[in-house]
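See structure below.
The values are calculated or read from the model by the stated rules, or taken from the named source; none is laboratory data. For clarity, every value in this text was computed on a predicted model and none was experimentally measured. Glycine gets a Cβ as well: all are built from the backbone with ideal geometry, and neighbour counts include every protein chain shown. Accessible surface is based on the protein model in full, side chains and every heavy atom, while ligands, DNA and RNA are left aside. Shrake-Rupley method; radii C 1.70, N 1.55, O 1.52, S 1.80 Å.
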Amino acid sequence: MIRNSSYICFVGVLCLSFGLLSYPVSQAVAQTTVAITGEKFYINGRPTYPERTWKGHAIEGLLMNSRMVQGIFDDLNPETVNRWKYPDTEVWDPDRNTREFVANMAEWKAHGLLSFTLNLQGGSPEGYSRNQPWHNSAFTASGELRPAYLQRLKKILDEAERLEMVPILGLFYFGQDHRLADEAAVIRAVDNILNWLHMQAYKHVLIEVNNECNVRYTHEILQPDRVHELILRVKANEKNGFRYLVSTSYGGGFIPLPNVVKAADFLLIHGNGVSDPDQIVEMVRKTKSVEGYRDMPIVFNEDDHFDFDKDWNNFIAAVSAGASWGFFDFRMEGEGFEQGYQSVPVDWSTGSDRKRDFFALLREITGY
């Protein structure tokens, strides 16, 4: 697959000039790439939010994001699938879910959102859940890839590439990792999704091995003591001189452990349960003091604290400490369909007050 649009346009003009083509030449979408230099993210060779500062805080190189893990959600359990039916149709529709996700991505980007977290096993469609009887997994029990999930994923990744956005693609989620039969299946799943991403020639995707590795995982290789093995496996899967940048995340308030800090390309931490913004700053300080830390980005990609109208909140605290921040919004008890980006069925618009407040502060900080 040729992705260099300049090359395609040149060849098309040349062929038309010599009468070799009698039909219009379609223009390919220019490839989007993500890279890391020191503590900064780069998109297409330029630091994110170039030269941007806000209230004395450097914004350049950060990766503002939102937890949108249900973008390819489905429920393969016939006993629970009716929980997710849309209020207007009384039917659950995974293709509609992805279609509406894609339709709203440009609006998110217009407010300065450069990244969002997806997950191949989703997240709790209730916001928080101890029991998860639903079956949401892009992997079969043996670690093969389910084509319907890949079709939905490709639609999102293609649009992200067009918009020059950088998805954080999570592979596993606690409460669903037991859907894979054994450790060999987990490893096979990692290899299969990486090989698929390479086959699509995507270079704008970051990998999160699993969401909150220190929370209730069945397979030991997905737990804190061994998850670095999968990080190293992702790093070793190189094709044509390219590999995917990779990390994993921990539960709210937890500081990354040395084995992950030494292996990862960037660090993912969560602000759930951290109600004092001063503690967000302290989390960044502690993370930088972990054995193995060197200049590398620190990214909150999940935080369910808001207060966006206040002068000091978790978002602003993260920015003040030089860390990126991610919005985690779920539909709380008694709230309407328009609320929450994690609760299924999802309204992917910016139509609730909480979403509008987040995007307003995001636009102010990023200068979009």
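With a cut-off of 11 Å between beta carbons, the residues surrounding LYS55 carry a summed charge of -2, where Lys and Arg count +1 and Asp and Glu -1. With the highest mean first, a sort of the peptides 204-211, 360-367 on other beta-carbon atoms found within 10 angstrom per residue produces 204-211, 360-367. Backbone geometry of region 34-49 corresponds, through the Karplus equation with coefficients 6.51, -1.76 and 1.60 at θ = phi - 60°, to 3J(HN,Hα) couplings of 10, 8, 10, 10, x, 8, 10, 8, 10, 10, 6, x, 10, x, 4, 6 Hz, x marking Gly and Pro. Couplings 3J(HN,Hα) for region 200-208, derived from phi with the Karplus relation 6.51 cos²θ - 1.76 cosθ + 1.60 (θ = phi - 60°), are 7, 6, 6, 10, 10, 10, 9, 10, 10 Hz, where x marks Gly and Pro. Quotient of the Cα radius of gyration of the chain and 2.2 N^0.38 Å, N being its number of residues: 0.98. 3J(HN,Hα) along region 302-319, derived from phi through the Karplus expression 6.51 cos²θ - 1.76 cosθ + 1.60 where θ = phi - 60°, amounts to 6, 7, 9, 10, 10, 6, 5, 8, 8, 6, 9, 9, 4, 4, 5, 4, 4, 4 Hz, with x in place of Gly and Pro.
For the chain, the relative contact order works out to 18 percent when only alpha carbon pairs closer than 8 Å and six or more residues apart are counted. Segment ALA35..SER129, full-extension length gain: 30.4 nm, with 0.36 nm per residue of separation and the alpha-carbon distance subtracted. For region 218-362, a Kirkwood hydrodynamic radius built from all Cα pairs, placed in the Stokes-Einstein relation at 10 °C and 1.306 mPa s, yields a translational diffusion coefficient of 95 µm²/s. Across the options GLN200, ASN97, THR350, the greatest Cα extent toward the positive end of the charge dipole of the chain (unit charges at beta carbon of Lys, Arg, Asp, Glu) belongs to GLN200. Take the chain with all the other protein chains still there, run a 1.4 Å probe, and you get 41 Å² of accessible area per residue. Surface composition of the chain: carbon and sulfur atoms hold 50% of the protein heavy-atom accessible area at a 1.4 Å probe. DSSP beta bridges confined to the chain are antiparallel in about 30 percent of cases.
Computed per residue of the chain from DSSP H runs no shorter than four, each worth -39500 (n - 2.57), the mean residue ellipticity at 222 nm is -10000 deg cm²/dmol.
Amide H contacts of GLU302: GLY271, GLY326, each under 5 Å away and 5 or more positions distant or on a separate chain (H built 1.01 Å from N in the peptide plane; Pro and chain starts excluded). Charge tally around HIS219: other residues with Cβ under 10 Å, Lys/Arg +1 each, Asp/Glu -1 each, net -3. For CYS213, the amide hydrogen comes within under 5 Å of the amide hydrogens of SER249, TYR250, GLY251, counting only partners 5 or more places away or on other chains and with H modelled in the peptide plane.
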